[in-house]
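Following: one structure in structure tokens, then a few remarks.
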Amino acid sequence: MNGIKHAVLDPKFVSAAKFDQEPDWLSEMRNQAFEKSQDLPLPVFAKVNYSSWPLLEFSTKKQADLEIPKSVKDQLADYTFVNLGNRNIKNELANFLSQGVILCSMADAIKNYGDLVQKYLYQFAIDPNEDRLTAINLALMNNGTFLYVPDNVQLKDPIKLLTIQDSRQEEMFIDHTLIVAGKNSRFNVFQRTETIGDIANPAHLTAEIIADQDSHVQYNSLDCLGPKTYAYFNRKGHLKEDARIDWAMGIFNNGSTIADFDSDLYGVGSHTEMQTVAISTGRQTQGLDTQVTNYGRHTEGNILQIGVLLDSSTLIFNGIGKIIHGAHGSKAQQENRILMLSPKAHGDANPILLIDENDVIAGHAASVGQINKKQLYYLMSRGLSKEVAQRLVVRGFLGVVLSNVPIPAVREQMVAMIERKLQNDPESK
Amino acid sequence: MATLKVSNLHVSVNDEEDKKSKEILKGVNLEMHTGETHAIMGPNGTGKSTLSETIMGNPNYHITKGSIELDGQDLSTMTVDQRARAGLFLAMQYPVEIKGITNLEFIRTAVNVTRNEQGPLPIKKFLDKLKENLGILNMSDKMTERYLNEGFSGGEKKRNEILQMMMIKPKFAILDEIDSGLDIDALQVVAKGVNHMLSPNFGVLMITHYQRLLNYIHPDQVHVMMDGRIVKTGDASLAE
């Protein structure tokens, strides 16, 4: 296996990634990004060394269309839109069509809404020139989802996306979700990611949310990629005047992960809440960077990252609050908390504040600690076994973020996922 | 009838500052049965809380000599949770706060694990019982939706201890300074809860500095503790 540091990508991946009847403008963007990617540095995740990860070990083998497994079929009813590998296997857009909402695969979006996609794709949120991985993700994008909610449309029901990495065979999986929130729109998106099959394929999942003036987007995600998947995530919001994005993300992958979650507060009065919960188990390494950049005046960004470590795993939280000169009256707060359930685990919580403006309120709190023995004793004194008490303390610890997940069914999925991860913990038995 | 018997109990704790082991209990003898109400009185630092924490099984307290038995079974080899499931309950002096777990979820879990072979209490029955007990303790329904003890006032925490006791229905409850920090109204409410529990199947051991509590919960026996030993035992008049 070749580590990412020395990986040299063959241009054939770019042609393999192209969509059917792809317009020239996109191919051109890909080629430029690919060209550029050779010279750009890899992104830095402080205190995470991922140079040996096979994140760029792609395959160009032609995919055979495998049948949809029962495990996936059973879940279809719970989602609005489902992509299995590079195939869209369910779309209930009809429920939202009357309001002018567009929801389709990236391949269809390029074909049918080319102008709209061109206006937003890698234009506002993620900068393909930022680093080698952003460039590669544009150059090799071969799956994805496009969601467009027009001005003044407020959706009551959440849009639920299921994005599945099909690792039943060798497959390149570079997925891009593009979400555009029109002026004064308001909606809720849930995206779950998972892996089926046990071939070792890397996964790249990026998402851009462009939130226009006065829009309010709630983005919830639950990431449960497979144990053999090395994953790179990049989710970024671009906020215009008085826009708001609330992120609540559960990072429950079973393989090693690097993730970059960012919000750029450009518009005056824009606001983001970025909340992450993560569990690392086994020998897994997860490095999560969450960054808010305040460009506009009176913007507010709050970061909350909470994580639990078991076994010999590693979990690193970097919280970055950046305030640009001129962003008067801005607020940047962050809290990073890590709970270690195993003496062999390695956890770190690093708050980083980069402030270039005087008239701001900024603060941070960070902690890395063991389970609170007094809490454990109290619960056990009511008859709860140590195992149950510990699970409850951990759930409580993570519950601060869970309680902010607006869709009850998603909250339940997250709780179930946490329970499953904790039950597999040999230390608590 | 169940019996809780403490015999010649010697207990040491490790001092937090110099890490040296220090003997707190120096031979405590106490026997109580369900259906009885006992009170232990005495000044600060005589080992009253040490006795209650040791009976419950707090790992910070080490038995160096003597024994604690519940119906003839030696408790010293049992973990805290096993003792609780065997029928012991400690209303703590300083209940801990746990964010992220609702009071309701916690109490329901505790009720179900202490029911052992009877299986979980059906939710409807549980909620009816909870409502009834909340009523007795003048507590609002909202208290059960809040996180466990989080942001509760001192008085709310004490009431919540009594609520848990009423829901779990132990054989023996030890109330460690349940009266401290309570005004007279709150004290009456707490006492009402305890008195409501009194039955031939329930024994209570109150630990207090003050006689005041005993005006509302009448003890059958009062023990006076001094320097790690029970030095005197008598009826309620001893408290006066």
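Just so it is clear, none of the values below were taken in a lab; they were calculated from the coordinates. It should be emphasised that the depicted structure is a prediction, and the values quoted were computed from it without experimental measurement. So basically every Cβ, Gly included, is an ideal-geometry build from the backbone, and we count neighbours across all protein chains shown.
With respect to the conditions (1) in contact (Cβ under 8 Å) with a residue 40 or more places away in the chain; (2) away from chain A (no Cβ under 14 Å); (3) under 12 Å from the mean Cα position of the chain (by Cα), B:V194 falls short on a single one, namely (1).
Restricting the stretch A:277-312 to residues that are touching a helix residue (DSSP H, G or I) at 6+ places or on another chain (Cβ under 7 Å) and among the aliphatic types (A, V, I, L, M), which is farthest from A:A259 (Cα to Cα)? Only one residue fits best here, namely A:L310.
For the stretch A:367-375, the condition of being at negative phi, under 22 Å from the mean Cα position of the chain (by Cα) and of a type in the set (D, E, K, R) holds for none of the residues. Quick one: count up the residues across the stretch A:369-409 that are under 19 Å from A:E273 (Cα atoms) and among the aliphatic types (A, V, I, L, M). Result for the stretch A:369-409: 6. Within the stretch B:99-112, does at least one residue satisfy the condition of being among the polar types (S, T, N, Q) and either touching a residue at least 60 places away in the same chain (Cβ under 8 Å) or within 23 Å of B:S180 (Cα to Cα) (or both)? Scanning the stretch B:99-112, I find at least one residue that is among the polar types (S, T, N, Q) and either touching a residue at least 60 places away in the same chain (Cβ under 8 Å) or within 23 Å of B:S180 (Cα to Cα) (or both), so the answer is yes.
Can you tell me how many residues in the stretch A:377-390 are more than 7 Å from chain B (Cβ to nearest Cβ) and either within 21 Å of A:L304 (Cα to Cα) or crowded, with 21+ Cβ neighbours inside 10 Å (or both)? The total comes to 3.
Considering only residues of the stretch B:172-207 that are acidic (D, E) and assigned to a loop (DSSP other than H, G, I, E, B), which is surrounded by the fewest Cβ atoms within 10 Å (Cβ to Cβ)?
Within the stretch B:172-207, the subset acidic (D, E) is B:176-177, B:179, B:183, B:185.
With assigned to a loop (DSSP other than H, G, I, E, B) added as a condition, the list becomes B:177, B:179, B:183.
On the way: B:E177: 21, B:D179: 21, B:D183: 9.
Checked the stretch B:172-207; the qualifying residue surrounded by the fewest Cβ atoms within 10 Å (Cβ to Cβ) is B:D183.
Only one of the numbered conditions (1) in contact (Cβ under 8 Å) with a residue 60 or more places away in the chain; (2) touching a Lys or Arg at 6+ places or on another chain (Cβ under 8 Å); (3) part of a strand (DSSP E or B) is not met by A:F261, and that is (1). The set of residues in the stretch A:207-221 being over 12 Å from A:W247 (Cβ atoms) and either of a type in the set (F, W, Y) or in contact with a Lys or Arg (Cβ under 7 Å, 6 or more places away or on another chain) (or both) consists of A:E208, A:D212, A:Q213, A:D214, A:S215, A:H216.
Quick one: would you say B:D141 is farther than 14 Å from B:M166 by Cα and more than 14 Å from every other protein chain (Cβ to nearest Cβ)?
Working: farther than 14 Å from B:M166 by Cα: yes; more than 14 Å from every other protein chain (Cβ to nearest Cβ): yes.
So B:D141 passes the test.
Here A:V410 fulfils each of the conditions (1) touching a Gly at 6+ places or on another chain (Cβ under 9 Å); (2) within 14 Å of another protein chain (Cβ to nearest Cβ); (3) crowded, with 20+ Cβ neighbours inside 10 Å apart from (2). When we screen A:V368, A:V400 for residues that are facing another protein chain (nearest Cβ under 7 Å) and surrounded by fewer than 20 Cβ atoms within 10 Å (Cβ to Cβ), the only hit is A:V400. Of everything listed in (1) surrounded by fewer than 20 Cβ atoms within 10 Å (Cβ to Cβ); (2) closer than 28 Å to A:G399 by Cα, the single unmet condition for A:N358 is (2). Checked against (1) within 21 Å of A:I407 (Cα to Cα); (2) of a type outside the set (D, E, K, R); (3) more than 19 Å from the chain's Cα centre (by Cα), A:I164 meets all criteria but (3). Every test in (1) more than 13 Å from chain B (Cβ to nearest Cβ); (2) within 28 Å of the chain's Cα centre (by Cα) is passed by A:D359 save one, and that test is (2).
Every residue, every condition in (1) within 14 Å of another protein chain (Cβ to nearest Cβ); (2) part of a strand (DSSP E or B); (3) over 26 Å from B:N58 (Cα atoms), yes or no:
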site: B:Q93; (1), (2), (3): yes, no, no
site: B:K99; (1), (2), (3): yes, yes, no
site: B:L104; (1), (2), (3): yes, no, no
site: B:L121; (1), (2), (3): yes, no, yes
site: B:L134; (1), (2), (3): no, no, yes
site: B:G155; (1), (2), (3): no, no, no
site: B:N160; (1), (2), (3): yes, no, no
site: B:P170; (1), (2), (3): yes, no, no
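Entry remark, the stretch B:17-59: residues being polar (S, T, N, Q), touching a Phe, Trp or Tyr at 6+ places or on another chain (Cβ under 9 Å), within 14 Å of chain A (Cβ to nearest Cβ) and in contact (Cβ under 8 Å) with a residue 40 or more places away in the chain number 1 in total. Tallying residues that are in contact (Cβ under 8 Å) with a residue 40 or more places away in the chain, buried (at least 23 other Cβ atoms within 10 Å of the Cβ) and of a type in the set (A, V, I, L, M, F, W, C) within the stretch A:173-203 yields 8.
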